[in-house]
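See below for the structure under consideration.
Readers should treat all values here as calculations from the given coordinates under stated rules, not as data from a laboratory. These numbers were taken from a predicted model, which means no experiment stands behind them. Don't worry about glycine lacking a Cβ; one is built from the backbone with ideal geometry, like all the others, and counts go over all protein chains shown.
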Amino acid sequence: MAKLYSKKKKASPKMLPKKETVSFLLSYSKALSITKAGDLTFETIAN
Amino acid sequence: MANVVLPDAVLVKNYVGGDEIALATLIERHQSKIYGFIYSKVMDRDVTEDIFQDTFIKVIKTLKTKNYNEEGKFLPWVMRIAHNLIVDHFRKTKKMPFNRDTEEYSVFSIMTDNSPNIESRIISEQVEVDLQRLINELPDDQREVLVMRIYDDLSFKEIADLTGVSINTALGRMRYALMNLRKVIEKNQIILTN
C-alpha cells in the first residue's frame, strides 16, 4: 500500500467572511427600502 | 419533514418578495466561494472583507429595485459584481496584483539579493583557509608582524613596541612577509580571489 507522507490536508480550510460582515449585510437589507417613482429611485434606511 | 434545498432562483424570488431569510440562505450558501474568489485576487483579508461587503450591498440594492432578471445564474452574477469591484480597487490603488515575466522584463531584474550566495560563501571560506595556511609557513618574525597588522589591526608603532624592535624593522618584516606570500602564491599558482 502506498505510504502517505503528508499529514497536512492538501485543501486549505474554507475562507469565510467575518460574522460581523454577514450580520451587517442582513441588517442593512432589513433596514433598506427602495421606492421607485417614475425615473427616480429613493433609498430609505430605517434606523 | 424533509430538508428541501431551495434553488437560488427561488430564494432570489422570495427575497425580492420580502423574505429576508432567503438572503441569509443565499449568503450562507455562496459566501465561501465569493470570499475565496476575492481573496485570491487581492490577497488581503481586510480588503477582501470590504469588497465582499460592497458586493452584497450592490446585490441587495439591485434585487430591491427589482432590476435583477434571472437570465443567468445567481452565483456567476455575484461573481461578476465582485470581479468589477476588484478591478475598481486595483484601479484606485494603481497597483496590479502581480508582475508577469516577459522576454524583455523579468521581475528578478528589480528584485536582487545582495547577500552572498552559498557559492561565494564557500569560496571565501576556502580563500581564508588557504591564506591561513600560507601565513603559517612564514618565518616567525614576519608572521608575527603580519598577524598583528592585518588581523589585530595594530599600528606599526604598537607592533614595534610589542615586539621590541624599531618601527623600520617592523615595516621591513611586513614587507618581506608580503613578498614571501606573493612568491608562494605565484609559485603554486594559488588563486585567492572571490
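Please compute the average number of Cβ atoms from other chains found within 10 Å of each residue's Cβ in peptide A:17-29. Walk me through the intermediate numbers first.
Numbers: counts 13, 5, 0, 2, 9, 7, 1, 3, 11, 7, 1, 6, 12.
Neighbouring Cβ atoms belonging to other protein chains average 6 per residue here.
Among B:47-56, B:147-156, the peptide with the highest mean count of other Cβ atoms within 10 Å heads the list, and the full ranking is B:47-56, B:147-156. Subtracting the Cα-Cα distance of B:Leu134 and B:Asp44 from 0.36 nm times their residue separation leaves 26.7 nm of extension gain.
Taking label positions 7 Å along the Cα-Cβ direction at both B:Ile118 and B:Leu162, the computed distance is 3.8 nm, reported to one decimal. Computed over chain B, the per-residue total of -39500 (n - 2.57) for DSSP H runs of n ≥ 4 gives a 222 nm mean residue ellipticity of -22000 deg cm²/dmol, rounded to 500. Among the listed pairs B:Lys41/B:Lys61; B:Lys61/B:Lys94; A:Lys14/B:Lys64; B:Lys13/B:Lys61; B:Lys33/B:Lys58; A:Lys18/B:Lys94, those whose Cα-Cα separation exceeds 22 Å are B:Lys41/B:Lys61; B:Lys61/B:Lys94; A:Lys14/B:Lys64; A:Lys18/B:Lys94.
Remark: mean inter-chain Cβ contacts per residue of B:80-86 equal 0, using a 10 Å Cβ-Cβ cutoff to other protein chain atoms.
Computed from the Cβ-Cβ distance with R0 of 35 Å, the FRET efficiency linking A:Thr35 to B:Lys92 stands at 0.65.
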